[in-house]
Amino acid sequence: MACGDDSYVLDSDGNRVLIGLTLDETREFEGLDELMSNVSFVPTDDSRSLNERRWLVLYDKHEAAVQAYLSIENAKVLKASRTE
């Protein structure tokens, strides 16, 4: 798996999802990640291209959300340290 456990949060229904992704997107990302890392997977040029592009779209969405999440968390810590 490309993302560590700290990349996950619980959604409003209590499902473990990647930050910034829906449950369906998380499942899709994990499936694509597994498929592309499987050494026995021999893709055609078309399927590789489609799978890699979709994986990258989901990865970029997740990474952008992680950066925003970390910025918010860091701001909270900084604010708390100033009020102590």
Only residues that are closer than 15 Å to W55 by Cβ, open to solvent by less than 70 Å² (accessible area, probe 1.4 Å) and at pLDDT 90 or above: list them for region 1-27, please.
S7, L18, G20, L21, E25, T26
Cβ-Cβ distance below 6 Å, separation of 6 or more or different chains: which pairs start in region 26-37 with a residue that is within 15 Å of S7 (Cβ to Cβ) and assigned to a helix (DSSP H, G or I) and end on one that is modelled with pLDDT of 90 or more and open to solvent by less than 60 Å² (accessible area, probe 1.4 Å)?
T26/V17; T26/L18; F29/L58
So, first residue within 16 Å of Y8 (Cβ to Cβ) and open to solvent by less than 100 Å² (accessible area, probe 1.4 Å) in region 62-84, second residue assigned to a helix (DSSP H, G or I) and of a type in the set (F, W, Y), Cβ within less than 8 Å, six or more apart or across chains; the pairs are H62/F29
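The values are calculated or read from the model by the stated rules, or taken from the named source; none is laboratory data. Nothing here was measured: the structure is a model prediction, and the numbers come from that model. All Cβ positions, glycine included, derive from the backbone under ideal geometry; neighbour counts span all protein chains shown. Surface accessibility is based on the protein's heavy atoms, side chains included, excluding ligands, DNA and RNA. Shrake-Rupley method; radii C 1.70, N 1.55, O 1.52, S 1.80 Å.
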